[in-house]
Amino acid sequence: MTISRYLAVLGLLAAMASNAEPVPRWQQSPEQLKTSITGVRAGADLTPAAWPEGARIAVGLSFDVDTELVWLEDREVQSPSTMSRGEYGARTGLPRVLALLSRHGIPATFFIPAMSMELHPAIVRLVKLDPRHEFGFHSYAHENPLRLSSADERAAYEKGLEIFVAHTGIRPQGFRSAAWDLTPATIDIVRSLGFVYDSSLMADDRPYRLMSQGKDAGLVELPVEWILDDWPYFQLDWGDGQVSMRNADDVFSIWRDEFDVAYDEGTMFILTMHPQVIGHRYRMQMLDRLIVHMKSKPGVWFATHAQIADYVADRPSPGSGVPAEEQD
Ligand SMILES: [Zn+2]
């Protein structure tokens, strides 16, 4: 067998191995199935016994300023129409959002991809006008980490952080995955880059400690939810076949009820919005009404995600002595 023939056979064997049919889930042992599920889990509930100044609930409003990148990277489309929809977020939506927050005197967290700052440096200046607001990290160019190797994921975040710090002058405390999803490597990368909380997962409505491979990951999780996100309700996305143009009253009623129950529970209400989605006129009216409703109740603590994460990090809730796996 010649060397080249030998190498060809080796290549064929490697290809066969990589194309091997995965074992169907129903044929896997309980131990095998568990390894698919238990990589990243929810640990202790971190709802504190009391929020600052006796508040009943913590409210964290976040705005993901994805601009053109959500179309360019996630949807892989690049046309003047889609780019202009992203531009709307920076040019029209964000100033409206900031004006509303200013009128109500409340802070928010702005998760901004580094490339959005490069494309629209004015958005950083605008957000900075109110020192109550927080800048959170939201990838380099809205890349989906599930499409990257762990080395590439780390390189993307390192490159993004450099740009982020150059524009904002601060190192962010908060990480939000552009895909609202993590790879097996993400937690180690994020922790080594100095983040103190993640806001991408959905195991609870309450803040919780993030577990990785059965161990405390060293991060607070401030969970998100698709029902508490403006994109699925409102965004028109032909490429995804998503034609969501909901009446604002429908969304108002869902978000108000979510808030009201969170208030009764004494827990937390995290809402994710995008200036290019929520920033349209009738939707901003609805957000205004929602904030008025929340402010009508006593003991509502409007805070940035970092303030919430800092507050709960060292203040275990009364029930948090229960091991993570037993809380399921
Ligand atoms: Zn995003």
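The values are calculated or read from the model by the stated rules, or taken from the named source; none is laboratory data. Computed from a predicted structure; not experimentally measured. With ideal geometry, Cβ positions are generated from the backbone for all residues, glycine too; neighbour counts draw on all protein chains shown. Quick note on the areas: whole protein, heavy atoms, side chains included, nothing else; ligands and nucleic acids left out. Shrake-Rupley method; radii C 1.70, N 1.55, O 1.52, S 1.80 Å.
Structure values in brief
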quantity: Accessible heavy-atom area order of Ile37, Ile163, Ile57, highest first, probe of 1.4 Å; calculated: Ile37, Ile163, Ile57
quantity: Vicinal HN-Hα couplings computed from phi for region 195-207 (Karplus, 6.51 cos²θ - 1.76 cosθ + 1.60; Hz; Gly/Pro x); calculated: 6, 10, 9, 10, 9, 9, 10, 9, 7, 7, 9, 9, x
quantity: Reachable lysines, given that their alpha-carbon falls under 19 Å from the alpha-carbon of Lys215 and they are not under 8 places away in the same chain; calculated: Lys34
quantity: Accessible solvent surface per residue of the chain, calculated while the other protein chains remain in place, 1.4 angstrom probe, Å²; calculated: 48
quantity: Computed over region 43-327, Kirkwood Rh from alpha-carbon pairs, angstrom; calculated: 19.1
quantity: Apportionment of accessible area to carbon and sulfur, the chain, percent (1.4 Å); calculated: 54
quantity: For the chain, with +1 on Lys and Arg beta carbons and -1 on Asp and Glu, the positive-most of Ile106, Leu61, Pro207 along the dipole; calculated: Ile106
quantity: Eligible aspartates and glutamates near Lys297 by straight Cα distance, threshold 16 Å, same-chain separation 8 or greater; calculated: Glu53, Asp257, Glu258, Asp260, Asp264, Glu265, Asp288
quantity: Neighbourhood net charge (12 Å Cβ-Cβ; Lys/Arg +1, Asp/Glu -1) for Leu287; calculated: +4
quantity: Built amide H within the under 5 Å cut-off of Gln213, gap 5+; calculated: Val40, Arg41
quantity: Local net charge near Ser116, Cβ-Cβ under 9 Å (Lys/Arg +1, Asp/Glu -1); calculated: -3
quantity: About the Cα centre, charge dipole magnitude for the chain (Lys/Arg +1, Asp/Glu -1 at Cβ), debye; calculated: 700
quantity: Counting DSSP beta bridges with both ends in the chain, the antiparallel % (nearest 5); calculated: 30
quantity: Taking region 38-151 and dividing mean pair separation by its residue count, relative contact order in percent (alpha carbons under 8 Å, at least six apart); calculated: 28
quantity: Helical contribution to [θ] at 222 nm, DSSP H n ≥ 4, -39,500 (n - 2.57), averaged over the chain, rounded to 500; calculated: -12000 deg cm²/dmol
quantity: Order of exposure, largest accessible area first, which applies to Arg283, Arg91 with probe 1.4 Å; calculated: Arg91, Arg283
quantity: Mean-position separation - Cα centroids, region 85-133 and region 22-43, in angstrom; calculated: 41
quantity: Listed residues Arg103, Arg209, Arg191, most fluctuating in the chain (Gaussian network, C-alpha, under 10 Å); calculated: Arg103
quantity: Radius of gyration, Dmax [region 147-286; alpha carbons; angstrom]; calculated: 17.2, 46
quantity: Exposure of Ser149 as accessible area (Å², to 10), given a probe of 1.4 Å and all protein chains; calculated: 60
quantity: Accessible surface, 1.4 Å probe, highest first, among residues Leu119, Leu236; calculated: Leu119, Leu236
quantity: Span from the region 48-76 Cα centroid across to the region 247-275 one, whole angstrom; calculated: 12
quantity: Average Cα contact separation per residue, region 43-327, under 8 Å, 6 or more apart, as relative contact order %; calculated: 32
